[in-house]
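Here the structure comes first, spelled out in structure tokens, and everything after it is commentary.
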Amino acid sequence: MEIRLNDKILDASLDNEKTIGEVLTVMEQWLSSSGHILSGISVDGVPVKASEIEETFKRDITSVKCIDVQTNPISELTASSLITLLDDINEFEKLKFEDKTNYFNRWKETACGRFISKEISDLFELCVRTFSNGDMTPQSLSSVAEEMLREVTEPVKEFGDIEPVLNEICEMLVDLPLDIQTGKDMKAARTIQLFTAVTEKIYRIFYQMDIQGYINNGQKANNNLPQSFPNKEQIIRQITEFTDVLKELLEAYEKNDSVLVGDLAEYEASVKIKELYTAITENCRSVK
């Protein structure tokens, strides 16, 4: 059986896959890791309709000569969905109060709603709060969508713009244990909130830079880079280590352990997040 990906023959061998569904499941996992999403399937030259997918997936691969798979870059689909969401928010704002009641039920079934529900679940929850619960304003949702759109369309620039905020938050982390000890609960909570938010933003943009080809997977591509140039695997290890520190810091904060919070905030969290930021910055300079 021949497999074609975007009209090009795929040089891959099957292992224990026996059905079309098993083959496509493996392909979808690989596509997702490479920043693409499956957008269409044809079997022996016949396009598979949405209503036919279940039966098609059950077919034995020995009865098939060729599977054609079409894909789209997930970054393009994400950007398109975010632009559509911004239009939907504007539409929602213009509706009369009684018309807003059922808006979410209609919106979640649109292509935009389904994509965001599947691929950007945290944003989908904010859409629920805006279109259904009403405890988040359309303006706030627009701000989040616009920020995410910048992360997708201009990831390197958006990443560079984080640095002043990151430096400010690292200074706030040093003051965190004293804030806890002196009863400045609101300031301490804001520090944790901002620190968590910037961490999530770094993770999101790193993912975008990776799937869009900005992250070097192997050797240095620029002789001007330092000898300690970090590759993708090293950055992923740093992310894992930093995530562990973040979890430990949040647990200590919840237990009101100011001594442990102080040690983790000043000597671990603030140091490691800067190291991670620097590693990603140095890496992405070498491509595109």
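Summary table
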quantity	calculated
Residue that is farthest from the chain's Cα centre (by Cα) [pool: residues in the range 1-17 that are surrounded by 12 or more Cβ atoms within 10 Å (Cβ to Cβ) and either of a type in the set (D, E, K, R) or farther than 16 Å from PHE57 by Cβ (or both)]	GLU17
Residue under evaluation TYR253, criteria (1) surrounded by 19 or more Cβ atoms within 10 Å (Cβ to Cβ); (2) closer than 28 Å to ILE215 by Cβ; (3) not small (Gly, Ala, Ser), criterion not met	(2)
Residue list for the range 113-171, filter: of a type in the set (Asp, Glu) and assigned to a helix (DSSP H, G or I)	GLU119, ASP122, GLU125, GLU146, GLU147, GLU151, GLU158, GLU163, GLU168, GLU171
Residue that is among the aliphatic types (A, V, I, L, M), surrounded by fewer than 17 Cβ atoms within 10 Å (Cβ to Cβ) and over 30 Å from GLU2 (Cβ atoms), where the choices are LEU95, LEU141, LEU123	LEU95
Residues of the range 84-138 satisfying the condition of being charged (D, E, K, R) and under 21 Å from ALA197 (Cα atoms)	GLU119, ASP122, GLU125, ARG129, ASP135
Search result, residues across the range 204-217 that are part of a helix (DSSP H, G or I) and farther than 12 Å from ILE162 by Cα	ARG204, PHE206, TYR207, GLN208, MET209, ASP210, ILE211
Selected residue (only one of ALA197, ALA188 is under 20 Å from VAL156 (Cα atoms), at pLDDT 90 or above and not acidic (Asp, Glu))	ALA197
Residue within the range 172-189 that is touching a Phe, Trp or Tyr at 6+ places or on another chain (Cβ under 6 Å), buried (at least 19 other Cβ atoms within 10 Å of the Cβ) and over 23 Å from TYR214 (Cα atoms) present	no
In the range 121-148, the residues that are under 16 Å from GLU200 (Cβ atoms) and touching a helix residue (DSSP H, G or I) at 6+ places or on another chain (Cβ under 7 Å)	LEU123, PHE124, LEU126, VAL144, ALA145, MET148
The range 103-120: number of residues that are surrounded by 12 or more Cβ atoms within 10 Å (Cβ to Cβ) and either not assigned by TED's automatic domain parsing to the domain that holds MET148 or not hydroxyl-bearing (Ser, Thr, Tyr) (or both)	10
Hits in the range 243-272 - residues which are of a type in the set (Val, Ile, Thr) and touching a helix residue (DSSP H, G or I) at 6+ places or on another chain (Cβ under 6 Å)	VAL245, VAL261
Subset of the range 176-203 [in a helix (DSSP H, G or I), out of contact with any helix residue (DSSP H, G or I) (no Cβ under 7 Å at 6 or more places or on another chain) and of a type in the set (Val, Ile, Thr)]	THR196
Any hit, the range 245-261, residues being assigned to a helix (DSSP H, G or I), modelled with pLDDT under 95, aromatic (Phe, Trp, Tyr) and more than 25 Å from the chain's Cα centre (by Cα)	yes
Where GLU55 falls short, out of the listed (1) under 30 Å from PRO138 (Cβ atoms); (2) loosely packed, with under 12 Cβ neighbours inside 10 Å	(1)
Unmet criterion (only one of (1) in contact with a Cys (Cβ under 8 Å, 6 or more places away or on another chain); (2) among the hydrophobic types (A, V, I, L, M, F, W, C); (3) at pLDDT 95 or above) for MET209	(3)
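The values are calculated or read from the model by the stated rules, or taken from the named source; none is laboratory data. Not measured: the values here are computed from a predicted model. Don't worry about glycine lacking a Cβ; one is built from the backbone with ideal geometry, like all the others, and counts go over all protein chains shown.
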